[in-house]
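Below: one structure, written as structure tokens.
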Amino acid sequence: MLENYFKRPRVLDRMKANVLYPQMQELINYFNDSGYSIYTIQSYMQKIEHFGNWLKTNHITVSSITKNTIISFINDHLPNCQCAPLHSCGLKEIRAALNLLLYTSSSIKIKQKHARKTPIEKEIQKFRYYW
């Protein structure tokens, strides 16, 4: 589905080689279902690609991602980021994209189980699985 938002073959190849590619596919589906604009989808995918590159560089596996991993990326990496200029460092959008990554990814959600959920959150989660 990335092909609907990125037309250049080199960009698609780069994204498909990213460690977060499966999660990016899940997120694209979420964006489509939620009615996000093309601009927002492209922007968030670029932010997530940047995060995936950082994970790979730092030998961090996808299965070990937690909120603390994201905090480290934002607080330690971004202020001194020397990555390619294509990687935007807009803090507000990066936080939004990475929080959505945590929210939508089935492989990363496991790390969030320790948080206590309210009865309403539990019902909403059941509904999401049913729907």
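Derivation of every value follows stated rules applied to the coordinates shown; laboratory data play no part. Not measured: the values here are computed from a predicted model. Cβ sites come from the backbone with ideal geometry, for glycine too, and all protein chains shown count toward neighbours.
I'd like to compare 30-41, 52-63: which one has the highest average count of other Cβ atoms within 10 Å, and what's the full order after that?
52-63, 30-41
Hey, which of these cross-link pairs are over 18 Å Cα-Cα: Lys56/Lys92; Lys47/Lys92; Lys47/Lys67; Lys16/Lys47; Lys16/Lys92?
Checking Cα-Cα distances, Lys56/Lys92; Lys16/Lys92 exceed 18 Å.
At what distance in nm do the modelled label points of Thr118 and Tyr21 sit from each other, each positioned 7 Å from its Cα along Cα→Cβ?
4.0
Can you tell me how much longer the chain between Asp33 and Ile74 gets when fully stretched, taken as 0.36 nm per residue apart minus their C-alpha distance, in nm with one decimal?
Stretched out fully, the Asp33 to Ile74 stretch lengthens by 12.0 nm.
If the chain between Thr40 and Ser63 were fully stretched, how many nm would it gain, using 0.36 nm times the residue separation less the Cα-Cα distance?
In short, 5.7 nm is gained.
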